[in-house]
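The values are calculated or read from the model by the stated rules, or taken from the named source; none is laboratory data. Keep in mind the model is a prediction, meaning the values are calculated, not measured. Here Cβ is always computed from backbone atoms with ideal geometry, including for glycine, and neighbour counts include all displayed protein chains. The area values use the complete protein model at the heavy-atom level, side chains included, leaving out ligands, DNA and RNA. Shrake-Rupley method; radii C 1.70, N 1.55, O 1.52, S 1.80 Å.
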Amino acid sequence: MKPVLRWAALALLLGVALAATAIDALPFKDAAQEVRFQNLTRQLRCLVCQNEDLSDSNAKLAQDLRYEIFQQMQAGRSNAQIKQWLVDRYGDYVLYKPPLKPSNYALWFGPFVLLAIGAGGVGIYLRRRAQPQAATGFDEDEDW
Amino acid sequence: MKLYVPLAIFLALVGLFGFGLWWNSTHIPTLVPSPLIGKPAPDWKLPLLYHPRQSLDKAQMLGRPYILNVFASWCFACADEHPVLMAYGRDLDVPLIGYDYKDKRGDALAWLAKHGDPYTQVVADESGRTAINFGVYGAPETYLIDARGIILWKHIGPLTPHVIREDLLPRLLKLGVHPKVTT
Amino acid sequence: MIPELGQMALILALLLASVQALFPLLGAWRGSSALMRMARPAVAGQFVFVVLAYAVLTHAFLVNDFSVRYVAENSNLTLPWYYRFSAVWGAHAGSLLLWVLILNVWTLAVAMFSRRLPEAFVARVLGVMGLVSVGFLAFSVLTSNPFVRVLPAPANGMDLNPVLQDPGLVIHPPMLYMGYVGFSVAFAFAIAALLGGAFDNLWVRWARPWTNAAFGFLSAGIVLGSWWSYAELGWGGWWFWDPVENASFMPWLVGAALIHAQAVTEKRGGLRAWTLLLSIFAFSLSLLGTFLVRSGLLTSVHAFASDPRRGMFILMLLGLAVGASLLLYALRAPKVVGGKPFALASRETLIVVGNLMLVVATAMVLIGTLYPIVGDALNLGRVSIGPPYFGPLFIVLMAPVVLLLPFGPFARWGHADLREWKRIGLIAALASVIGGSLFAWAASGGMPGWQAWLGGLSSAWVFAGVALYARKRWVSVPAGRRFPAEMAGMLLGHLGVGIFLAGALLTNSLSVERDVRLAPGQTAVVGGYTFRFEGVTDVRGPNWIAHQGTLVVTRDHQQVTVLHPQKREYSGDIVQTKAAVSAGLFRDLYVALGESLGAHGAWALRLYDKPFVRWVWLGGLFMALGGFVTLLDRRFRVAVPQTDESMSTPTADAQPITPRAREAGA
């Protein structure tokens with residue numbers, strides 16, 4: 001898999017220095033905007049990294065994207081607009097929260113379907129097993 | 001029967017893992033398909049590397065298909081790819097536009113002087129701002145854009161003779177151009 | 001020559017593991033005492049050779065034997081000796097050897113502390129552990145031999161990944177593996193029970209201390225990993241729901257379900273099949289984690305360099321081990337539900353509901369972790385699944401568990417006192433609303449946000465439940481018998497849940513982060529603390545050079561602390577941020593050094609005020625402590641005469657067993 005190897009070397013080169021923190025010191029309007037920026041960039045994926053959010057990535061592209069997001073915020077664009085802008089260019093892959101659409105239904109509803117099935121099973125088990133007047137009168141130590 | 005449910009779920013998982021291993025050995029895991037395929041290329045207007053006062057833009061390139069190759073002097077894989085471009089670039093029968101990505105002009109000029117220049121034209125995107133609109137996330141990347149300005153194909157990572165013959169050539173032939181490369 | 005000895009030791013260990021796997025199982029099947037007696041010597045022999053192999057590899061690191069490729073790839077001349085020690089598990093092959101070593105430690109412990117158990121049962125347990133060992137030793141010998149030579153030997157090695165050059169990482173992997181591998185004991189007990197057809201509750205009784213210990217180690221391992229990534233990576237977070245983190249979290253969740261289900265099975269004889277299944281699940285998820293981390297199947301910051309051949313091997317191992325276990329389960333699991341009767345309002349019911357939620361949460365984590373592969377398989381496009389998915393769903397699924405938690409200890413087996421529940425619920429609710437709100441208010445220094453408020457409410461709710469039960473025991477039980485070790489462990493564990501809730505929700509809500517540009521002499525204010533930047537100097541370590549910033553932190557003109565964040569450069573131009581943390585019970589102050597910003601000595605700095613972040617790990621450590629404390633329980637240590645009449649008792653249904661009689665069963 002030579003191309004893969006080369007690509008790995010390339011990924012290294014893109015400045016994905018593994019554990020160097022990304023710090024930008026952008027001139028935010030106020031603290032609220034800074035918090036909004038932090039929350040937003042936490043929900044976005046650094047595309048060239050292994051598995052890092054945009055907020056912490058030191059990759060060049062991540063820096064560019066952070067700056068772009070910062071500028072769009074100054075221009076008064078909403079979080080949803082900024083996310084859409086990124087999705088148009090990079091696809092759903094940039095979102096750490098996959099959108100609710102048919103291909104992701106299993107992801108979002110699967111756990112609750114399982115919960116419903118499990119709750120049904122537990123309900124049947126308890127119905128069959130639990131008795132209204134089970135044995136009483138164990139001494140306290142029976143507990144432990 | 002009920003007791004076999006965990007086993008069945010587990011076997012499905014093993015199947016999924018087997019697939020995953022196969023997928024990983026045949027695909028580049030970090031590769032993300034571009035949502036721009038089949039869509040118009042973003043508007044772009046960039047200075048020429050050799051003549052920074054002049055520029056090239058999307059409108060000027062309309063009317064015939066072209067290839068946009070993203071490279072940079074700081075990119076090792078681009079140096080790997082370069083001999084392939086040197087060998088095939090002139091024979092593709094479409095303009096090969098070099099897209100110098102996040103580079104210093106002097107570095108790029110020196111790099112091209114050293115490795116050779118296979119490009120019809122070279123544009124420079126020093127800030128990388130326009131590249132974001134193309135969905136560029138590294139170098140090298142290669143785009144095939146048709147006469148109407150639609151992005152037909154994107155390749156992430158170095159072009160190889162194999163990629164050119166298998167992926168690029170059929171698409172060029174479909175566009176009605178006459179590359180001198182044979183399959 | 002010495003490394004070859006290590007390799008020979010590994011191969012001999014593999015042979016002995018095969019002996020340990022085959023003959024005792026065969027003996028237990030044929031009823032041959034002679035064959036069964038081979039188990040313990042085989043365990044001891046295997047242990048000796050694995051220790052030898054491990055010692056050889058460690059020695060190669062300590063003496064810088066770069067002719068061993070693994071050493072050359074993960075160490076160099078300038079690496080301090082203590083990191084050469086831990087570099088042994090710095091990459092795949094060596095960490096696999098550590099895995100095998102720890103499996104052998106657990107096996108040896110089981111062999112030593114099981115003299116009172118029936119011969120055939122022990123033979124099966126050790127045989128199953130031998131099978132696991134065969135699998136992993138074969139994995140090591142066939143695909144990941146750490147003793148491979150490279151000739152001619154390089155003059156110097158590369159380096160240990162700088163991320164791993166940290167005290168936290170010296171202890172995190174061994175702890176984590178103790179937990180992962182520890183579940184192999186519960187697994188082996190369950191398989192032995194299935195093989196032997198022993199569906200009384202005795203096997204659970206024997207398995208419980210081992211499970212609690214493994215759970216304790218796994219909790220501690222996860223806490224250490226979280227703390228390390230917080231302290232080391234400079235990102236200020238403590239959990240990212242990364243696939244590798246999830247791989248350790250899934251066995252933990254199932255382990256939490258298992259230790260509760262075991263209680264039902266042991267004390268009441270109920271949930272017999274479920275406890276068997278969870279025992280298999282816990283270890284299977286440990287194996288799954290090993291597979292995910294080492295196969296490169298998922299993109300993660302922590303993943304080992306992958307190799308498809310290894311991925312295939314370990315997938316086969318996983319498929320065989322888990323597939324065979326689940327098939328055995330399907331064939332042999334008890335089909336008749338058993339156990340003492342219980343009412344709907346009882347501890348049994350609460351534990352069943354809690355188990356359901358924990359297992360569904362595990363499934364949710366599994367779905368989220370594997371969904372990207374599903375996406376590839378069904379061509380649904382690539383998706384990223386991260387904290388905004390896992391976090392909210394996890395909170396939703398765990399909320400019922402937290403709500404039920406105070407009632408658990410009060411609920412008696414069989415039949416709970418509903419009036420007592422009402423009373424407890426009322427008091428805990430009052431404590432939660434009043435105390436929790438005050439707590440959140442005080443922590444926030446004003447009107448709390450919803451997360452901080454939720455943190456206050458939920459933690460106070462749990463604290464109140466724990467305190468009420470502790471008080472009840474104190475009042476109603478004579479001194480000396482108030483808190484048996486098992487109960488103390490439960491209370492500590494539940495207290496840990498409360499501490500964790502407070503920590504996680506308060507720190508998420510109250511943390512303040514600022515990225516600033518500071519020139520020497522300039523200040524920035526974060527969370528009421530003033531950080532004054534004094535500039536950057538160069539410092540030199542054993543195998544790195546660093547820019548080191550100095551920041552003086554003051555509050556109300558009083559100096560609080562001086563912080564020295566570093567940006568280290570290791571060989572190979574690898575840059576590593578070394579955050580400076582001033583830790584405190586109620587808040588951490590945290591600084592990471594970014595880039596130099598040109599003239600005037602200005603630097604980019606990230607400043608954090610992180611209230612209550614320690615409580616996240618403190619809570620985890622309490623849970624770990626809970627697991628360990630239960631081991632002190634007298635009944636696990638009481639020596640019992642060889643004639644054990646309860647052995648032949650078919651099920652627990654037969655008669656109510658008094659505590660005394662059960663003590664004799666130990």
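Measure off, as a whole percent, the carbon and sulfur share of the 1.4 Å-probe accessible area of the stretch C:31-173, all protein chains present.
It is 71 percent, rounded to a whole number.
Going highest first, how would you order B:120-130, C:253-263, C:92-102, C:275-285 by mean Cβ packing within 10 Å? Can you show the working numbers first?
Details: B:120-130: 18.5, C:253-263: 26.0, C:92-102: 23.0, C:275-285: 27.7.
Most protected by this proxy first, the peptides run C:275-285, C:253-263, C:92-102, B:120-130.
How much accessible area does C:Arg482 have with a 1.4 Å probe, in Å² rounded to the nearest 10?
For C:Arg482, the solvent-accessible surface is approximately 50 Å².
I'd like to know which of C:Met250, C:Ala504, C:Val125 lies farthest towards the positive end of the charge dipole of chain C, counting +1 on Cβ of Lys and Arg and -1 on Cβ of Asp and Glu.
Of C:Met250, C:Ala504, C:Val125, it is C:Val125.
Please report the orientation-averaged projected area of the stretch C:368-418, defined via the convex hull of its C-alpha atoms, in nm². Please report the intermediate quantities before stating the final value.
Values: hull surface 22.9 nm².
Averaged projected area of the stretch C:368-418's Cα convex hull equals 5.7 nm².
Which of the residues in the stretch C:410-436 lose at least 20 Å² of accessible area when you go from the chain alone to all protein chains together (probe 1.4 Å)?
The answer is C:Arg412, C:Trp413, C:His415 - residues whose exposure falls by at least 20 Å² when every protein chain is included.
Pull out a ≥ b ≥ c, the square roots of the eigenvalues of the alpha-carbon gyration tensor of the stretch C:337-377, then state rounded if a/c is under 1.5, prolate if not and a/b is larger than b/c, and oblate in the remaining case.
Cα axes put the stretch C:337-377 in the prolate bin.
Rounded to the nearest 100 Å², what is the buried accessible area between C and A, both sides summed, probe 1.4 Å?
Separately minus together, C and A give about 5900 Å² buried.
For C:Leu501, C:Leu12, give me the order by solvent-accessible area with a 1.4 Å probe, most accessible first, ignoring ligands, DNA and RNA.
Numbers: C:Leu501 25, C:Leu12 75 Å².
These residues rank, largest area first, as C:Leu12, C:Leu501.
Which distance in Å, rounded to a whole number, links the C-alpha centroids of the stretch C:494-530 and the stretch C:557-592?
The stretch C:494-530 and the stretch C:557-592 have Cα centres separated by 14 Å.
Using 18 Å as the cut-off for backbone N distance, which residues of the stretch B:154-170 belong to the label zone defined by a point 7 Å from the Cα of B:His115 along Cα→Cβ?
B:155-164
Taking the Cα centre of each part, how many Å lie between the stretch C:245-268 and the stretch C:327-372?
Centre-to-centre (Cα) distance: 10 Å.
Leaving ligands, DNA and RNA out of it, report the carbon-plus-sulfur percent of the accessible area of the stretch C:407-525 at a 1.4 Å probe. Each step should come with its number before you reach the end.
Working: 3680 of 5350 Å².
Ligands and nucleic acids excluded, carbon and sulfur reach 69 percent.
With a 1.4 Å probe and every protein chain left in place, work out the accessible area per residue of the protein assembly as shown in Å², rounded to a whole number. Write out the running numbers ahead of the final one.
Values: 39490 Å² over 993 residues.
Roughly 40 Å² per residue, with all protein chains present.
With a 1.4 Å probe, what is the total accessible area buried between chains C and B, in Å² rounded to the nearest 100?
Buried area (both sides, nearest 100 Å²): 2100 Å².
Ordering C:Asp166, B:Asp167 by accessible area with a probe of 1.4 Å, largest first, what comes out? All intermediate terms of the calculation are to be shown ahead of the outcome.
Numbers: C:Asp166 15, B:Asp167 55 Å².
Highest to lowest solvent-accessible surface, that is B:Asp167, C:Asp166.
Work out the FRET efficiency for A:Gln71 and C:Arg37 from their Cβ-Cβ distance, taking R0 = 56 Å, and round it to the nearest 0.05.
0.15
Among the lysines, which have Cα under 27 Å from the Cα of B:Lys102 when same-chain residues fewer than 8 positions away are ignored?
A:Lys2, A:Lys60, A:Lys83, B:Lys39, B:Lys45, B:Lys58, B:Lys114, B:Lys154, C:Lys567
Rounded, prolate or oblate for the stretch C:126-220? Axes are the square roots of the Cα gyration tensor eigenvalues, ordered a ≥ b ≥ c, and the cut-off for rounded is a/c under 1.5.
oblate
Using the membrane-span-like helix rule (whole DSSP H runs, Cα extent along the own axis of at least 20 Å, mean Kyte-Doolittle hydropathy at least 1.0), which helices of chain C qualify? Spell out each step's value before the answer.
On the way: long enough: C:2-30 (41 Å, 1.39); C:39-62 (34 Å, 1.52); C:92-112 (30 Å, 1.75); C:119-143 (35 Å, 1.78); C:167-196 (45 Å, 1.50); C:202-233 (46 Å, 0.47); C:243-268 (37 Å, 0.26); C:272-295 (34 Å, 1.35); C:308-332 (35 Å, 1.31); C:347-377 (44 Å, 1.47); C:387-404 (26 Å, 1.86); C:450-476 (39 Å, 0.40); C:485-510 (36 Å, 1.36); C:613-629 (25 Å, 1.49).
Both cut-offs are met by C:2-30, C:39-62, C:92-112, C:119-143, C:167-196, C:272-295, C:308-332, C:347-377, C:387-404, C:485-510, C:613-629.
Any chance you could run the full-extension gain for C:Val433 through C:Leu77? It's 0.36 nm times the residue separation minus the Cα-Cα distance, nm to one decimal.
122.2 nm
Please say if the protein assembly as shown is rounded, prolate or oblate, where rounded means a/c under 1.5 for a ≥ b ≥ c the square roots of the C-alpha gyration tensor eigenvalues, and otherwise the choice is prolate for a/b larger than b/c and oblate otherwise? Working shown, then result.
On the way: a/c = 1.86, a/b = 1.54, b/c = 1.21.
Here the protein assembly as shown falls in the prolate category.
Using a 1.4 Å probe, how large is the accessible area of C:Asp573, given in Å² and rounded to the nearest 10?
Approximately 120 Å² for this residue.
For B:4-10, what's the mean count of beta carbons from other chains sitting within 10 Å of each residue's beta carbon?
6
To the nearest 500 deg cm²/dmol, what mean residue ellipticity at 222 nm is calculated for the protein assembly as shown from DSSP H runs of n ≥ 4 alone, each contributing -39,500 (n - 2.57), summed and divided by the residues?
-18500 deg cm²/dmol
In the full protein assembly as shown, how much of B:Leu56 is accessible to a 1.4 Å probe, in Å² to the nearest 10?
10
Please list B:Leu152, C:Leu52 from largest to smallest accessible area, probe radius 1.4 Å, with all protein chains kept in place.
Solvent-accessible surface, decreasing: C:Leu52, B:Leu152.
For chain C, with only Lys/Arg (+1) and Asp/Glu (-1) charged at the beta-carbon, what is the dipole magnitude about the Cα centre, in debye rounded to 20?
Dipole of chain C, to the nearest 20 debye: 1960 debye.
Search the structure for amide H atoms under 5 Å from the amide H of C:Ile545, placed 1.01 Å from N in the peptide plane, and list their residues when 5 or more places away or on another chain.
Those qualifying (amide H under 5 Å, at least 5 residues apart or on another chain) are C:Glu569.
Return the average number of partner chain Cβ atoms within 10 angstrom of each residue Cβ along peptide C:374-381.
Across C:374-381, the average partner-chain Cβ count within 10 Å equals 6.
For the residue pair C:Val477 and C:Leu327, what label-to-label distance in nm results when each label sits 7 Å from Cα along the Cα-to-beta-carbon direction?
With each label placed 7 Å out from Cα toward Cβ, I get 4.6 nm.
Shielding of C:581-590 by partners, i.e. mean partner chain Cβ atoms within 10 Å per residue?
0
Under 20 Å from a point placed 7 Å out from the Cα of B:Leu173 along the Cα-to-Cβ direction: which residues of the stretch B:91-110 have their backbone N that close?
B:91-95
Between A:Ala32 and B:Leu48, what's the calculated FRET efficiency when r is the beta-carbon distance and R0 is 45 Å? Round to 0.05.
0.55
Quick check: net charge around C:Pro387, other residues with Cβ under 14 Å of its Cβ, Lys/Arg +1 and Asp/Glu -1? Can you show the working numbers first?
On the way: positive: A:Arg42, A:Arg45, A:Lys97; negative: A:Glu52, A:Asp53, A:Asp56, C:Asp242, C:Glu245.
Neighbour charge sum, excluding C:Pro387 itself: -2.
Nearest 0.05, what FRET efficiency do C:Met112 and C:Arg634 give at R0 = 25 Å with Cβ-Cβ as r?
Taking R0 as 25 Å, the efficiency between C:Met112 and C:Arg634 is 0.85.
To the nearest 100 Å², how much accessible surface do chains A and B cover up together, summed over both, with a 1.4 Å probe?
Values: alone 10860 and 10510 Å², together 19040 Å².
Result for this pair: about 2300 Å² buried.
Using a 1.4 Å probe on the heavy atoms of the protein chains only, list every residue of the stretch C:152-199 that has 30 Å² or more less accessible area in the complete assembly than in its chain alone.
For the stretch C:152-199, once contacts with the other chains are taken into account, no residue loses 30 Å² or more.
Would any residue of the stretch C:272-297 have its amide N under 17 Å from a label point 7 Å out along Cα→Cβ of B:Trp22? List them or say none.
What the label zone holds, given the 17 Å backbone N cut-off, is C:297.
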